[in-house]
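Inspection log for the structure reproduced underneath, given as structure tokens.
The values are calculated or read from the model by the stated rules, or taken from the named source; none is laboratory data. Here the structure is a predicted model, which means the values were calculated and not measured. So basically every Cβ, Gly included, is an ideal-geometry build from the backbone, and we count neighbours across all protein chains shown. Calculation scope for accessible area: heavy atoms of the full protein, side chains included, ligands and nucleic acids excluded. Shrake-Rupley method; radii C 1.70, N 1.55, O 1.52, S 1.80 Å.
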Amino acid sequence: RAPFQVLVLPYRQTADSLEFGVLSRADGACWQGIAGGGEGRETPLEAARREAREEAGIPAEARFMELQAVCSVPVYLFRDGAAWGDTLYVIPEYSFGVDCTGRQISLSREHSELRWLTFDEARERLTYDSNKTALWELHQKLRGLGPRDGAA
């Protein structure tokens, strides 16, 4: 396992709204985007494409948008974290949006439910602040807004 994490936020444009896909973990622990770790020599984008395919059936050719949102995750939260040694305390989590307009989502066993929600509903449902920050950035960019426009 590579020492980084990815977060992928599915979104879709409907006739009259922009919706974001929020997933419930099968163990009921939280609501989040698609998340997972890098493998081998994968880049964060390659890991995001693989995780989206594995967890939600989103094809690699879907349009991914790299976000600036990056958070740090403590290594003790990962089962394989000991393999990274005693000097690495946190790993980065890189964020992406993926356009799922017109695509069918097929959840893996890792998730029990997918809900398509408005920005405000998704932000309220998400468990982690890092997911909320990435969602805000994605929402701003998809609406064509700058970082200080229409502050939520």
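Below are the figures for this structure:
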quantity: Residues satisfying the stated conditions in the range 40-53, i.e. closer than 16 Å to Val22 by Cα and of a type outside the set (A, V, I, L, M, F, W, C); calculated: Glu51, Arg53
quantity: Matching entry among Thr43, Thr14 (being β-branched (Val, Ile, Thr) and over 17 Å from the mean Cα position of the chain (by Cα)); calculated: Thr14
quantity: Scope the range 87-104; condition open to solvent by less than 30 Å² (accessible area, probe 1.4 Å) and part of a loop (DSSP other than H, G, I, E, B); matching residues; calculated: Cys100
quantity: Count of the range 118-152 residues which are of a type in the set (Val, Ile, Thr) and either out of contact with any Cys (no Cβ under 8 Å at 6 or more places or on another chain) or not in a helix (DSSP H, G or I) (or both); calculated: 2
quantity: Any hit, the range 88-101, residues being more than 16 Å from the chain's Cα centre (by Cα) and closer than 15 Å to Glu19 by Cβ; calculated: yes
quantity: Some residue of the range 2-13 being among the aromatic types (Phe, Trp, Tyr), modelled with pLDDT under 95 and surrounded by 13 or more Cβ atoms within 10 Å (Cβ to Cβ); calculated: no
quantity: Selection from the range 108-152 of residues that are out of contact with any Phe, Trp or Tyr (no Cβ under 8 Å at 6 or more places or on another chain), small (Gly, Ala, Ser) and more than 17 Å from Phe96 (Cα to Cα); calculated: Ser108, Ser112, Gly146, Gly150, Ala151
quantity: Number of positions in the range 80-101 that are modelled with pLDDT of 95 or more and among the small types (Gly, Ala, Ser); calculated: 2
quantity: Which numbered condition Ala60 misses (of (1) in contact (Cβ under 8 Å) with a residue 12 or more places away in the chain; (2) farther than 18 Å from Glu137 by Cα); calculated: (1)
quantity: Conditions (1) without any contact (Cβ under 8 Å) to a residue 24 or more places away in the chain; (2) in contact with a helix residue (DSSP H, G or I) (Cβ under 9 Å, 6 or more places away or on another chain); (3) charged (D, E, K, R); number of the one not met by Glu66; calculated: (1)
quantity: So Arg109, is it surrounded by fewer than 20 Cβ atoms within 10 Å (Cβ to Cβ), over 20 Å from Lys141 (Cα atoms) and charged (D, E, K, R); calculated: yes
quantity: Per-region count, the range 36-79, residues over 20 Å from Asn131 (Cα atoms), open to solvent by less than 70 Å² (accessible area, probe 1.4 Å) and either in contact with a strand residue (DSSP E or B) (Cβ under 6 Å, 6 or more places away or on another chain) or modelled with pLDDT under 95 (or both); calculated: 3
quantity: Conditions (1) open to solvent by less than 50 Å² (accessible area, probe 1.4 Å); (2) of a type outside the set (Val, Ile, Thr); (3) assigned to a strand (DSSP E or B); (4) over 23 Å from Gly37 (Cβ atoms): number failed by Arg115; calculated: (1)
